[in-house]
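In what follows, a structure is listed as structure tokens, so that the remarks can point back to it.
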């Protein structure tokens, strides 16, 4: 690896100054002359036929812009993968909070009251709310069987393994929905001009997703749709597909009224109406040898997609590919299924199916350890994937990854062996009493996992992302990408890469605003792909600039920033502009079969071992994470502070997923859609999250970087639940585990009566 | 949510924000948050939840940390208000702003103004806080990106650099 001058250094975040001074402009900080406010009238029932819409007499409705499905100039759908989700319900509704009608008015306070004055009469129909109900097909609400998508991964001969197995271990594991809970709610402004078409500014991850959706909805050609990302206050997947919906709504109102329209959700609307992590159920049946080696197994992974297909097929895909964890399976059959229920569609959330299937895998691994009689560390060590072996999709591990070594280091960093022994002793003989008097029991839990970087299989080939780099007359460089910044550090890391490739100071490089009129489609900002896939293209395009200038003879191989400036100026004076583009090309010899789900699922994987130390207070039954070690191999760390920040933030969300964040459903509607009753971790709830990196594999990405964004979401929940089981000896197969859930499980285990009053 | 259209009578109030006194014509029960953002154009103060839970709208009111989504503007008349826009001296960032920038305390940035003002409030009370003081002092401000660790680093760093 050649020496780098900016890669690996924690340079200041590009847009950081604006963020710490309050100057950064988010969507709700913007307004346009003559702007109206828009709002959405939504379904109050989970399923039924719309019989009548009536408008209360207390308002003069001529003051309002009113849009229904009849006003849609194009196709009434949110174009994404399939086109099954309507932009506005037409005749029937399939989930609570489904948009039916739009209103706009100049006074947002009046608007709020007007929403309540629109009365909708329904003929309700029976609805279904769980995976089990959906599978029973008592009501068919989607297609012929409520199934959005199925996948099958088959390797070896699973049916032959049971006969010779020394142990067969079965288990079923479930995970709940989780709200992304970005602190900035969804919002957009749309304006319409007959000549220019639609322009949308918004809080969003994927400008070209919105672009595609608006073309179909508004029946406009590509050049008459412009999408611009405003500063975006967190996303985590929650602003991957939903912005197409809210942008569609604002655009319809803007087209009808001829005035700009802003729609910004309040917290309740954002939480109850927009997407969440898919609830899941995973069934494992595993055959093991006497020594605890996996001989083979069956994994059935099922997710609840909500009322429309949206992204469920892709979430399912990532879920099943990660379902086998970082282990070697000589024989395996993995079935994936995404089913429909009458809830708002579930969508993208950091990890994208992998946190669900890996929770199951890593809980199951502890179960296997118990049955076989090995320690949680040893059972994992005996089954880790090694270089040269193949994954469940028969992808050969080519990088020099040593998971055993990673595990050793994580155990050492967390003081695992000593603590585990000490806690076991204390839990049995004399647990310390907590503040309310009941005993506190402690435990240690491990999770080992992997996360694939970039789009799955042939995904990157289909995307064929394009990146531009522009040299300006003043010697500065602009990166042209649709890849967006929403906290992860896109702006900073891509500028580091370009500066490194051009041998320029970091300050010379800037990133253009993600505006579909200005930047090429570098793909969506999802799937842990930006640093690795887009970063590689930025590097190529930057090298292209360098080659253009050296080829023209205006620059030598080694140059100062001043010489670079002079060369740019000369080139632009002669040719008008200096731009270089790079398009993704799939590496030679990469095999992926979309039909059989076999081959190179990802260009590379990040690897990790997380260790949680947990204390459970048997007065309150609350579990608290007291120490957390997050050790990972993510290739070259481009920016240590950003990378650590990504990991710590993901771990915090994972702790929330495990212990705090429970979506309470009633008839398909979230009942706790506020920050007062949906609880995410505060600074007082979290342990020190100790983040460590190991740089082992350096095969992929610009300067050897792999994807990092989603990885830290995968490990915390299983590590924590494994630790709770270690502390209490009670089996837990689900997340989230709030105190009442732990209490119930412990009661069922016949232990509560001994501890609840502390007397016996 | 305070509904301003109910009270159709506006009044004139003098608000002192970041050392400058301005007169605004507003409904007395309007949220301070809305007046700061819409009447005074101080959009650095953010709305996250509208119910006092997330702290994104936190500002200092005569030295106290308040959630401006819960305070009717009438109550702020006569007080000294500090918003995020009032911390830097021209191009010179305050010690906390600089430390947030350097230590990774801001990711998406939406909680950052409130978080920095909560940190200001904490350091006013405890110039050399312990880690537990910081955890406690910032527990009314939610951040979904950072997991708080680099925010703690930033506050520690700012405290280390301040004379006291």
Of all residues being at the interface with chain A (Cβ under 7 Å from one of its Cβ atoms) and within 17 Å of the chain's Cα centre (by Cα) in the range B:108-135, which is nearest to residue A:187 (Cα to Cα)? Just the residue, please. B:110
In the range B:53-70, residue nearest to the other protein chains (Cβ to nearest Cβ) [restricted to those that are more than 23 Å from residue A:30 (Cα to Cα) and surrounded by 17 or more Cβ atoms within 10 Å (Cβ to Cβ)]: B:53
Look through the range A:102-140, keep the residues that are part of a helix (DSSP H, G or I) and under 19 Å from residue A:28 (Cα atoms), and return whichever of them is nearest to the other protein chains (Cβ to nearest Cβ). A:109
Looking at the range A:21-42, can you tell me whether even one residue there is away from chain B (no Cβ under 14 Å), under 29 Å from residue A:670 (Cα atoms), part of a loop (DSSP other than H, G, I, E, B) and touching a strand residue (DSSP E or B) at 6+ places or on another chain (Cβ under 7 Å)? no
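Here is a list: B:154, B:79, B:158. Which entry is in contact with a strand residue (DSSP E or B) (Cβ under 6 Å, 6 or more places away or on another chain), more than 8 Å from chain A (Cβ to nearest Cβ) and modelled with pLDDT of 95 or more?
It is B:79.
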Looking only at the range A:252-270, count how many residues are over 13 Å from residue A:105 (Cα atoms) and either away from chain B (no Cβ under 14 Å) or in a helix (DSSP H, G or I) (or both). 6
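Does residue A:233 satisfy the condition of being in contact with a strand residue (DSSP E or B) (Cβ under 7 Å, 6 or more places away or on another chain), within 27 Å of residue A:80 (Cβ to Cβ) and not in a helix (DSSP H, G or I)?
It is true that residue A:233 is in contact with a strand residue (DSSP E or B) (Cβ under 7 Å, 6 or more places away or on another chain), within 27 Å of residue A:80 (Cβ to Cβ) and not in a helix (DSSP H, G or I).
Is there a residue being away from chain B (no Cβ under 14 Å), at pLDDT below 95, in contact with a helix residue (DSSP H, G or I) (Cβ under 9 Å, 6 or more places away or on another chain) and surrounded by 22 or more Cβ atoms within 10 Å (Cβ to Cβ) anywhere in the range A:635-652? Steps first, answer last, please.
Residues of the range A:635-652 away from chain B (no Cβ under 14 Å): A:635-636.
With at pLDDT below 95 added as a condition, the list becomes A:635-636.
Next, from what is left, pick out any that are in contact with a helix residue (DSSP H, G or I) (Cβ under 9 Å, 6 or more places away or on another chain): A:635-636.
Within this subset, residues satisfying the condition of being surrounded by 22 or more Cβ atoms within 10 Å (Cβ to Cβ) are A:635.
Yes.
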Residue satisfying all of: in the range B:136-151; free of Cβ contacts under 8 Å to residues at least 40 places away in the same chain and either more than 7 Å from chain A (Cβ to nearest Cβ) or not in a loop (DSSP other than H, G, I, E, B) (or both); farthest from the chain's Cα centre (by Cα) among these: B:149
Looking only at strands (runs of 3 or more DSSP E) that fall completely inside the range B:4-81, which ones have 1 or more residues that are over 23 Å from residue A:20 (Cα atoms)? B:11-17, B:20-26
Hey, any hits in the range A:681-698 for a residue that's in a helix (DSSP H, G or I), over 20 Å from the mean Cα position of the chain (by Cα) and within 24 Å of residue B:153 (Cα to Cα)? no
Subset of the range B:85-100 (residues that are closer than 14 Å to residue B:20 by Cα, in a helix (DSSP H, G or I) and either touching a helix residue (DSSP H, G or I) at 6+ places or on another chain (Cβ under 9 Å) or away from chain A (no Cβ under 11 Å) (or both)): B:85
Sole exception among (1) touching a strand residue (DSSP E or B) at 6+ places or on another chain (Cβ under 8 Å); (2) within 14 Å of another protein chain (Cβ to nearest Cβ) for residue A:684, by number: (1)
Scan the range A:697-715 and give yes if some residue there is more than 21 Å from residue A:442 (Cβ to Cβ), surrounded by fewer than 24 Cβ atoms within 10 Å (Cβ to Cβ) and within 14 Å of another protein chain (Cβ to nearest Cβ), otherwise no. no
Please go through the range A:141-191 and give me each residue that is in a loop (DSSP other than H, G, I, E, B), within 14 Å of another protein chain (Cβ to nearest Cβ) and touching a helix residue (DSSP H, G or I) at 6+ places or on another chain (Cβ under 7 Å), ordered by number. A:178, A:179, A:185, A:186
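The values are calculated or read from the model by the stated rules, or taken from the named source; none is laboratory data. None of the values given here were measured: they were computed from a predicted structure. Note that we place each Cβ from the backbone using ideal geometry, even for glycine, and neighbour counts take in every protein chain shown.
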